[in-house]
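S.K.: The structure is given below, and queries will be raised subsequently.
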Amino acid sequence: MQETLEEAAAKPRSMKTRWLGAEVDYQWAWDLQRRLHESACGGGESETLLLEHASVFTAGSRTEQHELPVDQTPVVWVDRGGKITWHGPGQAVVYPIVALPDAVRVVDWVRRLEEAILRALAEWGIRARRIADRAGVWLDDAAGPRKIAQIGVRVSQRVSMHGVAINVSCGMQGFDQIVPCGITDAGVTSMQTELAWRGAAAPHVREVAEAFARHLQELLDFEPFDTIAETNKEEQR
């Protein structure tokens, strides 16, 4: 019998978090994800990995040839949705290995990941939002649309893996070598860039990853939630 949303909301869900450090090799972290995913599929504890990768390009199943690095830098092809992106120093990466209730669809899970990003960014006064028909989390004001966080997940046997990447203090050089997330008509930004306009410094990558994890924990009751994006949207008008 499938678990309903009401039953899921009534069940307390805890999420263990682990900081893996900086310059983490992508393949090593992917192997760890797969081991934790297998454990969670067998009833093991949900766990969320927080880290900062060594520089790497990863490509999801929808990546097209013309979007790959112009200098033919090697790319890691991964078993998640989405297109090519860059990970590296200055970017907070979070992989929630979480067992999802039967009634929670993948799109519902993605909305909760987006919401946790929005709430984390708001702690530093960054009013981000969703944009219709565009994946990830964005700034969209007089300066134009620009992406500040990426999301790419895979759900297998009702357990999620892969996750989110928030641009904290990374440079844009990695994104300049590819067509990031297939986007040709908008920019990419970071917390450091957005905070510099008001003379504020960017936080540490670990701080941002931990803020995201806290807000995601709040959303694991799988109750309906009021999105902070609507407030942010009004403030940007």
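The values are calculated or read from the model by the stated rules, or taken from the named source; none is laboratory data. If you're wondering where the values come from, they're calculated on a predicted model, not measured in any experiment. No Cβ is skipped: glycine too gets one built from the backbone with ideal geometry, and neighbour counts run over all protein chains shown. Ligands, DNA and RNA are excluded from the accessible area calculation, which covers all protein heavy atoms including side chains. Shrake-Rupley method; radii C 1.70, N 1.55, O 1.52, S 1.80 Å.
S.K.: Hey, Ile126 hits all of (1) assigned to a helix (DSSP H, G or I); (2) open to solvent by less than 40 Å² (accessible area, probe 1.4 Å) but one; which does it fall short on?
M.R.: (1)
S.K.: Could you list, ordered by first residue, the pairs with Cβ atoms under 7 Å in which the first is in segment 188-214 and modelled with pLDDT of 95 or more and the second is of a type in the set (Phe, Trp, Tyr) and not in a helix (DSSP H, G or I), at least 6 apart or interchain?
M.R.: Met191/Trp124; Leu195/Trp124; Pro203/Trp124; Arg206/Trp19
Conditions (1) within 17 Å of the chain's Cα centre (by Cα); (2) assigned to a strand (DSSP E or B), marked per residue:
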| site | (1), (2) |
| --- | --- |
| Ile166 | yes, yes |
| Ser169 | yes, no |
| Ala201 | no, no |
| Glu207 | yes, no |
| Phe212 | yes, no |
| Gln217 | yes, no |
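Every residue, every condition in (1) crowded, with 16+ Cβ neighbours inside 10 Å; (2) under 26 Å from His204 (Cβ atoms); (3) among the hydroxyl-bearing types (Ser, Thr, Tyr), yes or no:
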site	(1), (2), (3)
Arg62	no, no, no
Glu67	yes, no, no
Val78	yes, no, no
Gly90	yes, yes, no
Pro96	yes, yes, no
Ala103	no, no, no
Arg146	yes, yes, no
His162	yes, yes, no
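S.K.: If you don't mind, another one. Would you mind stating whether Arg129 is farther than 24 Å from Ala211 by Cα and in contact (Cβ under 8 Å) with a residue 40 or more places away in the chain?
M.R.: Values: farther than 24 Å from Ala211 by Cα: no; in contact (Cβ under 8 Å) with a residue 40 or more places away in the chain: yes.
When the stated conditions are applied, Arg129 does not pass them.
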